[in-house]
Amino acid sequence: MGDYHWTTNLSYTSEDGIYIRGYDLVQLIGAFPFPSVLYLLFTGELPPARVARLLDAIMVASIDHGAGAPSALAARTAASGGASLGAAAAAGLLTLGKYHGAAVQDAMEAIQRVVDLWDGGGGGEEALARGADSVVADWRRAGRRIAGFGHRQHKRKDPRPTRLFELAREAEVPGKFLEAAQALEGALKRSIGKALPINIDGAVAAILCEIGFPAGLSNALFMVARITGILAHAYEEIEHGPPMRRIDPVDHGYAGPAARTLTIDEAGDAS
């Protein structure tokens, strides 16, 4: 396409069109859901429909976690100070780090290491357990935290992984990485003497390993989902919060609709 100072493999525009990884955007519109085109941008290819559904489920599972999350609090604080919607959302996004919303990549590394040791050990349940124990021991000696396990609020069990693993099985992608994540859960309990159940980061990490998602973009997938919730919190603060208010991180309540039972009709509409 000519000689230029630099090039990109992602997209280009012309007078008559917009192209994403070579595909005409107009042809993609209405033909593929958002997660499919995200996958296209991130990996270079359109995913199978079952993978797109899993990505969609991961993004729904990650969309929001209440007003007390650091990202929501930061966005509301910025908005209370007079920041625009975009600036407030950016403040929330900047809080995402290894302790909040950006642990998926580290969890993928640990799970991948267990699988490597499992394969190297000849396979089987004993080799899997040895591999998980070895990873936990190595990471603890190095002072590294095994990401993807335990949750400050959902101490007994994060409710999201069970549903995501169900959908992974329905998509016919249960395999070594899901087993490795569960083996790590057991190894952590043996090592520290208490249960640290798989959390949303660990579940997402295992599934992304299964589908070959780029580890370097795994946290970005969470960010794409969570920015939606961050924007909602920022907008609510702009519309309804008094300027320069003191936003307590704990002493707040919920005033929205009461718990609702979700039913879906034959047309796929919720009621």
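The values are calculated or read from the model by the stated rules, or taken from the named source; none is laboratory data. Given the structure is predicted, the values throughout are model-derived calculations rather than measurements. Don't worry about glycine lacking a Cβ; one is built from the backbone with ideal geometry, like all the others, and counts go over all protein chains shown.
Taking the conditions exactly as written (of a type in the set (Asp, Glu), assigned by TED's automatic domain parsing to the domain that holds residue 148 and under 22 Å from residue 154 (Cβ atoms)), does residue 185 satisfy them or not?
Yes, satisfied.
Can you tell me which residue among 164, 262, 178 is within 24 Å of residue 67 (Cβ to Cβ), modelled with pLDDT under 95 and in contact with a helix residue (DSSP H, G or I) (Cβ under 6 Å, 6 or more places away or on another chain)?
Sole residue among the options that is within 24 Å of residue 67 (Cβ to Cβ), modelled with pLDDT under 95 and in contact with a helix residue (DSSP H, G or I) (Cβ under 6 Å, 6 or more places away or on another chain): 164.
Show the residue pairs meeting these rules: Cβ distance below 8 Å; 6+ apart or different chains; first residue within segment 96-108 and closer than 17 Å to residue 206 by Cβ and buried (at least 20 other Cβ atoms within 10 Å of the Cβ); second residue modelled with pLDDT under 90 and of a type in the set (Gly, Ala, Ser).
Pairs that qualify, where the first residue is closer than 17 Å to residue 206 by Cβ and buried (at least 20 other Cβ atoms within 10 Å of the Cβ) and the partner is modelled with pLDDT under 90 and of a type in the set (Gly, Ala, Ser), are 103/147; 103/148; 104/147; 104/148; 106/147; 106/148; 107/147; 107/148.
Which of the helices (runs of 4 or more DSSP H) found entirely inside segment 1-93 contain at least 3 residues meeting this: more than 16 Å from the chain's Cα centre (by Cα) and over 17 Å from residue 221 (Cβ atoms)?
It comes to 25-28, 70-80.
Cβ-Cβ below 9 Å, separation at least six or inter-chain, first residue in segment 40-52 and within 16 Å of residue 10 (Cα to Cα), second among the basic types (Lys, Arg): which pairs?
Cβ pairs passing all conditions: 40/21; 41/21; 43/21; 44/21; 45/21; 46/21.
Going by what's in this entry, would residue 215 be described as modelled with pLDDT under 90, assigned by TED's automatic domain parsing to the domain that holds residue 157 and farther than 26 Å from residue 74 by Cα?
no
Quick check on segment 89-100. Is at least one of its residues modelled with pLDDT of 95 or more and closer than 27 Å to residue 182 by Cα?
no
So how many residues does segment 230-250 have that are part of a helix (DSSP H, G or I) and surrounded by fewer than 21 Cβ atoms within 10 Å (Cβ to Cβ)? First the steps, then the outcome.
In the first step, residues of segment 230-250 are kept if they are part of a helix (DSSP H, G or I); the result is 230-240.
Pick out the ones that are also surrounded by fewer than 21 Cβ atoms within 10 Å (Cβ to Cβ) and you get 231-232, 235-236, 238-240.
Going through segment 230-250 one residue at a time, the tally reaches 7.
Of 126, 166, which residue is in a helix (DSSP H, G or I) and over 28 Å from residue 217 (Cβ atoms)?
126
Tell me, yes or no, whether segment 112-119 has at least one residue that is touching a residue at least 12 places away in the same chain (Cβ under 8 Å) and in contact with a Lys or Arg (Cβ under 6 Å, 6 or more places away or on another chain).
Scanning segment 112-119 turns up at least one residue that is touching a residue at least 12 places away in the same chain (Cβ under 8 Å) and in contact with a Lys or Arg (Cβ under 6 Å, 6 or more places away or on another chain).
Have a look at 188, 184, 164 and point out the one that is over 26 Å from residue 43 (Cβ atoms), crowded, with 18+ Cβ neighbours inside 10 Å and in contact (Cβ under 8 Å) with a residue 40 or more places away in the chain.
Exactly one of 188, 184, 164 is over 26 Å from residue 43 (Cβ atoms), crowded, with 18+ Cβ neighbours inside 10 Å and in contact (Cβ under 8 Å) with a residue 40 or more places away in the chain, namely 188.
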